[in-house]
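What follows is a single structure, written as structure tokens, with notes after it.
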Amino acid sequence: MEEGDNRGDLLGNVVRPSSLRTSGNLKITLSGKSTPRGSPPFRRLNSSRTPRREGRSSGSSAQWFRSNRLVLWLLLITLWAYAGFYVQSRWAHGERKEGFFGRGSKPNDGNSDSEEIHSRGMIANDTSLEVKTGNDKNQSTSKNIDVVLAKKENVVPSRRIVKKKSKRSGRGSRSKTHGKQKATADVKATEIEEQEPEIPKRNTSYGLLVGPFGSTEDRILEWSPEKRSGSCDRRAEFARRVWSRKFLLIFHELSMTGAPLSMMELATELLSCGATVSAVVVSKKGGLMPELVRRRIKILDDRSNLSFKTAMKADLVIAGSAVCSSWIEQYIAHFPAGSSHIAWWIMENRREYFDRSKLILNQVKMLVFLSESQSKQWQAWCAEENINLNSQLALVPLSVNDELAFVAGIACSLNTPSFGTEKMLEKRRILRNAVREEMGLKDSDMLVMTLSSINAGKGQLLLLESAHMLLEQESSNNDKIIKLVSETESEGMQEQTLKVLIGSVGSKSNKVLYVKAMLSFLSQHSNLSKSVLWTPTTTRVASLYSAADVYVINSQGLGETFGRVTIEAMAFGLPVLGTDAGGTKDIVEHNVTGLLYPLGRPGVQVLSEKIQFLLKNPSMRQEMGMRGRKKVEKMYLKRHMYKKFAEVLFRCMRIK
């Protein structure tokens, strides 16, 4: 018994019989192997902690996780979804180069966007050397452009690109090689056309060429649109619709006009909201390619097989012009089921565009128009051709982008505590004075501006005739164009004089013969030519709107389809003079936000009278401008447009 007692003392409480055990058959062993694992003796043998401490630590936490596995899985899924959202957001904002996850990313298929624009620059350089032999100045200019592109985009040398392409081309058939050579020839022709304008952009050609004023904007505003690549409102319905979706956008050209600019901003917004975006360009005419590359919008060089395969994988195809009818027709012929996910955003309102697209209007999912008048006009043409529209119809007007709203002093996503609306209004006044000084304008000059492609449909020549009529009338009444009000009069101020600013010089949508007719008209009227200024085509137009006093939209025919420049001018507080037709009539309220006048030749005299009225009444200009600004804030900001676009996406895309 003493030995047993000593053993019990050495083992402590291990051999002590449990008071909870009622059975008389007690098995007391030195090891816990024969003891059930869940029994208290087993836990005491294999743990140095007391039962109370064990229950507090491992028992409670482990047992809680075992009994709540659903909560654990939900936590893991949430973390995984957040990580995926974070990665895709960074990818959508363009952080695809060195530094992403600590290492550089490999180019996809050997052809990145920067390599594409660099190769185009090299092609243009070689072509210019062949065509313009002996012209050292042009050769050095093209070389400098290539160097700038290479430094800006950080691309690999062109020899490496050619080597990769030669390997892939060797695997293909002769027909594919011939197609690539043809595409290269198209790019060459486009670049040569951009380098050799028929009318040189010099003062000797136009008289007085001013701008662009991008550097002045950057210096005064202390902000540049190049510092950002999107401003998605992730709480909006549009962002929820497009996140993680794939889109293919069809550009009809790359000119700096309403339709291509609107499609570019749509692509930027989609990328900013986490979507995957590719683009097809039907015609590379225009100068938007560098801007598309800066915004990291992927352009597909192939307009047939590759673009069709991309479209088949996309959740939605958005075509941005009636001119895209040729691509849509070929795609539907290649993949008939693809018509069910095409939204056709038609931005033209002329019969020639309807005629080229009328055969496939019923083969797309939805037709999207810019204004009520445009929609009614197209439906009337369909009735004349006995076309019963089965496609869904929608209205999505254009909007003022955040970059312009920011400079105009309208609250938008770009505002910060240090860059509020009041501060931007003050900076805009400083910008106005600086730009007008560069233009050579006085405080007494009223600048009438029109910005659009120069052709008969925009009516710039008729505007010059109206201005000439006004100046001749002023000259006959006062024997001079510019005069001072007598100091004996009550106002004691200078009378306003007329200046006209016309853009966009150098746009690929300009009609050269029409431009020459305008220059010929100015050469015949020396007094008028002294009052006319010209400005190159540019995307940096905030400085021009800030410097202007009145905007004229003189579109002829059926009028402007919508008038993106109209709402931009109204955002900057400018009264609008426009033809009483088309989208201008829908936007401009006569005698409220601007003045309307008839189309064609009868409108020349009336337009002259409207300009004279605003010339004599500066207070009326300010009142109309403020009313127009309030209308833009109420109806035509970016959030209004994308709210309607979210409805289009809901009706066109399948729900995931």
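The values are calculated or read from the model by the stated rules, or taken from the named source; none is laboratory data. Everything numeric here is computed off the predicted structure, so don't read it as measured data. Ideal geometry is used to build each Cβ from the backbone, glycine not excepted, and the neighbour counts take in all protein chains shown.
A few remarks follow.
- Every residue from the range 536-580 that is out of contact with any helix residue (DSSP H, G or I) (no Cβ under 8 Å at 6 or more places or on another chain) and within 17 Å of residue 455 (Cβ to Cβ): 536, 537
- Test: residue in the range 551-563 that is outside the structural domain of residue 375 (by TED's automatic domain parsing), at pLDDT 95 or above and part of a helix (DSSP H, G or I): no
- Qualifying residue in the range 451-460 (condition: assigned to a helix (DSSP H, G or I), touching a Phe, Trp or Tyr at 6+ places or on another chain (Cβ under 9 Å), among the hydrophobic types (A, V, I, L, M, F, W, C) and surrounded by fewer than 18 Cβ atoms within 10 Å (Cβ to Cβ)): yes
- Residue selection: residue 349 satisfies the criterion of being at pLDDT below 95 and either closer than 26 Å to residue 556 by Cα or aromatic (Phe, Trp, Tyr) (or both).
- Here residue 413 meets the list (1) assigned to a loop (DSSP other than H, G, I, E, B); (2) under 27 Å from residue 530 (Cα atoms); (3) not assigned by TED's automatic domain parsing to the domain that holds residue 508 almost entirely, failing just condition (2).
- The number of residues in the range 261-277 that are within 19 Å of residue 303 (Cβ to Cβ) and assigned to a strand (DSSP E or B) comes to 1.
- Inter-residue pairs, beta-carbon under 7 Å, first under 23 Å from residue 330 (Cα atoms) and in the range 290-303, second surrounded by fewer than 18 Cβ atoms within 10 Å (Cβ to Cβ) and modelled with pLDDT of 90 or more, 6+ apart: 300/306
- Filtered residue count, the range 582-637, keeping only those that are of a type in the set (Lys, Arg), in contact (Cβ under 8 Å) with a residue 60 or more places away in the chain and surrounded by fewer than 19 Cβ atoms within 10 Å (Cβ to Cβ): 4
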